[in-house]
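Reviewing the structure listed below.
The values are calculated or read from the model by the stated rules, or taken from the named source; none is laboratory data. Quantities reported herein were computed from a predicted structural model and do not represent experimental measurements. Positions of Cβ are backbone-derived with ideal geometry, glycine not excepted, and every protein chain shown enters the neighbour counts.
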Amino acid sequence: MTTFKTTALACAGLSLLAGGTVQAAAEPQNSTTDSQNRKPSSAKASHRSEHIHVHADPHSYAATTSSIADKLPTTFLQQTQTTNVVTHQVIEDMTPQTMEDVAKYVPGISIGNNFGGTQDDLMKRGFGATDDGSILRNGVRMPTGRNFDLATTERVEVLKGPASLFYGMQEPGGVINVITKQPRKTWGGSLGTTWSSLGGGYGHADVGGPLTRGLSFRLIGSFKNENYWRNFGSNRQKLVAPSLHFERGRFTADLSYEWAEYDNTLDRGAVFSNGHAISGPSKRLDESWARSFGDRHLLATGFQYRLTEHDRIRLSGGWNHDNYHDKQADPSAYNAVTGVLTRRYRSNTGTIRANGYVSLDYISDHVLWGMKHDLVVGTDYENRQQNQGAFIDGSRQGGFYPSNPVYGMLKPVGPVNVNNSDWRQHINNASGYIKDNIHLGHGLILAPGLRYQWFHITYGGRRPYVQTTDSSYTKPLPFVALVYQLGENVSFYGDYSQSFTPNQLDAGSVLDGGYKPTMGRQFEVGARYQNRFLTADVALYNIHKKNVQQSAGLDDSGNTIQRLAGLVGSKGIEASMTGKLTHHLNILANYAFTYARILRDTPTDKGKLVANVAKHTGGGYLTYETSLPWLKTTMRIGAGARYVGRRAGDLNNTFWLPAYTTVDAFASWHTGRLLGHDTSLQVNATNLANKAYFVSTAGTPMRVSWGQGRTVHVGIEVGF
């Protein structure tokens, strides 16, 4: 454990390419810094009263810094908004498989419509949607789908509340940045394989090191073929991810690419009737051919040049492309008297989702009039495209009994639905922004900011093509925050922020009513505590959002009806504690009270709770680490529980998903003396009690997602 009093930077992806004159140390493993061998700035000497002492421990659950809120690393006690970090050690111990697993360790996140378990839909502080753009990879907006991979992820940072100041078109609940592993500074690698109790498993290879002076690389490859947890199905993926880092003098450059081919089970889950599921989790209600499949390409680049010791410019860019297909055995009606479920075949064929992004930032830290300024000035441009392609819509077919299912009667054939085909959405966005963290002295930091945002959206579909939306919007988005650091261990903060984004329709959805963009604003206050080993924080917030897109059931054609609620509010409290309790014990604990409801809409909906958002969520995880006398082995064991309260199942609150608690556990052993190599063995068990529970709903009792049953993974990894 070391006390750092000089600047350091975790160069992890585009969002962390540039360092800053902040007195902090980046804690993640496999990171690089752009500020080594630098002299302390005069600003630091002028602001010793801020008591910046950071103790970075790579094996801790606590993060000492985060870059998501300021585009440069900021110490925990001086951050201007609520941030949560899922560190590399948490990811190593818990081995999450999806973003839904990652959400267990972050307060205030609920699971929304995950489209049969194939897409990320994380609702932050009560707000979010399947394709809301709130999940980033190294600072670049990702398309819908699954955006977390265990083999490539270094850590995950979460920014709560409106994040439009730096991240543009966003929901007011926040953004999640998945930061990938960076090129290795020294030669090394690892091979690993994991067996699943479901059958099958996954494996990975990771190698990298310096190629020439200033140039290093990393290459990660993984393969997955694991049986699905219910009575049939499988999840398969191939992935290759090379990356390069170049550093020479004042110039640094990063280039990374990722290709993935996926084929995952699409499970529409449960059907509710009279407030209860009509069948249990053991037998599916769809067919073996129900799946989502395609391939994805991700490219990210970053270039930085340091003009002076205190000034630098950074050019960041990214592009991703997802060629997506699916086949659905979609439930459309249930007869409680006869016990017959009516289903039909539906399919999105050749859906293209693509995002392009570029930003130019000027970053500086100077002392002016006796006050230190951490300034970010920038501009960005983003292009988002989605083209659905042909939509297949089969006829309704009965004769399926959930109590005694017989599979194979529903065939994956049907005609093209001309009204649901060729829906295209194209969004252009350009903005300029500025934020200045002004260190006033005596522990006070004032952080004003402003973004001026413009976007243009076109939307339409059908055969022949009919354009329904062609609109442009502009809006200034102010931001202001105040931080007061009281001594070495405590700080208080408050902030006001806004969000602005277009409402977007997913394939197979229709909009009831006219189109409008959505706007949000948040007031927030909070307090933080940090000592050498532990961090803790608590935040209270109040968010209002206008023109909220809500799922309002299904129309006669089986499409999801989307409509805009006039005003939705969310207020609550979040608390978390992470880090070391003792030399041997690590803790991760969180709790959130989230009261999200419709404030202004039709008389039927006014006052209703937002679907999928539980009032009470929380969890805790305790890990014990010790050394064993054999082969200098380190052992880590841990267990924890996650609680999610009762949630509304639809817009009108006509049915409810019951509360649930799941228990997870793990044990790992690591030695550097087995056959001359670093070797680790790890066992992870999720949902240890095999609890039957529901994760979320698509806003209709016809589509409710089951939570995964008990699963055990046993993995071994050898380093070289």
* Test Ser164 against the criterion of being surrounded by 21 or more Cβ atoms within 10 Å (Cβ to Cβ), over 21 Å from Phe76 (Cβ atoms) and in contact (Cβ under 8 Å) with a residue 12 or more places away in the chain, and give yes or no. => yes
* Filter result for the condition that a residue is within 29 Å of Ala270 (Cα to Cα), buried (at least 16 other Cβ atoms within 10 Å of the Cβ) and either of a type in the set (D, E, K, R) or touching a residue at least 24 places away in the same chain (Cβ under 8 Å) (or both), over Asp326, Asp361, Asp365 -> Asp326
* Does any residue in region 523-550 that is on the phi > 0 side of the Ramachandran plot come within less than 9 Å, Cβ to Cβ, of a residue that is buried (at least 17 other Cβ atoms within 10 Å of the Cβ) and assigned to a strand (DSSP E or B) six or more places away or on a different chain, and which pairs are these? -> Asn547/Thr518; Asn547/Met519; Asn547/Leu564; Asn547/Ala565
* With respect to Gly189, is the statement that it is of a type in the set (Gly, Ala, Ser), over 28 Å from the mean Cα position of the chain (by Cα) and farther than 30 Å from Tyr345 by Cα true? -> no
* What is the residue count in region 650-708 for residues that are outside any strand (DSSP E or B) and more than 30 Å from Pro629 (Cα to Cα)? -> 22
* Find the residue count for region 591-612, including only residues that are in a strand (DSSP E or B) and among the hydroxyl-bearing types (Ser, Thr, Tyr). => 3
* Residue satisfying condition, being more than 25 Å from the chain's Cα centre (by Cα) and among the β-branched types (Val, Ile, Thr), within set Thr308, Thr265, Thr301 -> Thr308
* To do: Would you point out which residue out of Ser243, Ser256, Ser279, Ser216 is surrounded by 16 or more Cβ atoms within 10 Å (Cβ to Cβ), of a type in the set (Ser, Thr, Tyr) and not in a strand (DSSP E or B)?
  => Ser279
* Asked: Of all residues in region 259-276 being in contact with a Gly (Cβ under 8 Å, 6 or more places away or on another chain) and under 21 Å from Gly112 (Cα atoms), which is surrounded by the fewest Cβ atoms within 10 Å (Cβ to Cβ)?
  -> Leu266
* How many residues does region 630-666 hold that are closer than 24 Å to Gly126 by Cα, surrounded by 17 or more Cβ atoms within 10 Å (Cβ to Cβ) and among the hydroxyl-bearing types (Ser, Thr, Tyr)? -> 2
* To do: Only residues that are surrounded by fewer than 20 Cβ atoms within 10 Å (Cβ to Cβ) and under 30 Å from Ser499 (Cβ atoms): list them for region 405-428, please.
  => Arg424, His426, Asn428
* Return only the number of the condition from (1) small (Gly, Ala, Ser); (2) more than 26 Å from Pro658 (Cα to Cα); (3) surrounded by fewer than 24 Cβ atoms within 10 Å (Cβ to Cβ) that Ser134 does not satisfy. => (3)
* Asked: Listed residues Asn590, Asn542, Asn612, Asn586; which is modelled with pLDDT of 95 or more, surrounded by fewer than 16 Cβ atoms within 10 Å (Cβ to Cβ) and either under 18 Å from Gly108 (Cα atoms) or in contact with a helix residue (DSSP H, G or I) (Cβ under 9 Å, 6 or more places away or on another chain) (or both)?
  -> Asn542
* To do: May I ask you to list pairs of residues, at least six apart or on different chains, whose Cβ atoms are under 6 Å apart, with the first in region 641-653 being within 21 Å of Arg703 (Cβ to Cβ) and touching a residue at least 40 places away in the same chain (Cβ under 8 Å) and the second being in a loop (DSSP other than H, G, I, E, B) and hydrophobic (A, V, I, L, M, F, W, C)?
  => Val644/Ala614; Arg647/Ala614; Ala648/Ala611; Gly649/Phe655; Asp650/Ala611
* Do we find a residue being in contact with a strand residue (DSSP E or B) (Cβ under 8 Å, 6 or more places away or on another chain) and under 28 Å from Gly461 (Cα atoms) anywhere in region 359-380? -> no
* To do: Identify, from the list Asp131, Asp120, Asp149, the residue that is of a type in the set (Asp, Glu), in contact with a helix residue (DSSP H, G or I) (Cβ under 8 Å, 6 or more places away or on another chain) and on the phi < 0 side of the Ramachandran plot.
  => Asp120
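Could you check how many residues of region 123-141 are of a type in the set (A, V, I, L, M) and over 21 Å from Asn547 (Cβ atoms)?
3
Inside region 294-368, counting only strands (runs of 3 or more DSSP E) that do not spill past its ends, which hold 1 or more residues that are at pLDDT below 95, more than 18 Å from Asn420 (Cβ to Cβ) and of a type outside the set (Asp, Glu)?
Values: elements: 311-335, 340-349, 351-368.
Strands (runs of 3 or more DSSP E) meeting the threshold: 311-335, 351-368.
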* Is region 354-364 home to any residue that is of a type outside the set (Asp, Glu) and more than 24 Å from Phe246 (Cα to Cα)? -> yes
* Can you tell me which residue within region 674-698, out of those that are within 13 Å of Gly269 (Cβ to Cβ) and in contact with a strand residue (DSSP E or B) (Cβ under 7 Å, 6 or more places away or on another chain), is surrounded by the fewest Cβ atoms within 10 Å (Cβ to Cβ)? => Tyr693
* To do: Please find, within region 440-490, the residue that is modelled with the lowest pLDDT out of those that are loosely packed, with under 15 Cβ neighbours inside 10 Å and small (Gly, Ala, Ser).
  => Ser471
* Asked: Do we find a residue being surrounded by fewer than 20 Cβ atoms within 10 Å (Cβ to Cβ), in contact (Cβ under 8 Å) with a residue 12 or more places away in the chain and in contact with a Phe, Trp or Tyr (Cβ under 8 Å, 6 or more places away or on another chain) anywhere in region 177-189?
  -> yes
* Asked: Do we find that Val683 is without any contact (Cβ under 8 Å) to a residue 40 or more places away in the chain, farther than 22 Å from Ile109 by Cα and of a type in the set (A, V, I, L, M) in this structure?
  -> yes
* Filtered residues of region 378-394 (kept if polar (S, T, N, Q) and within 29 Å of Arg312 (Cβ to Cβ)) -> Thr379, Asn383
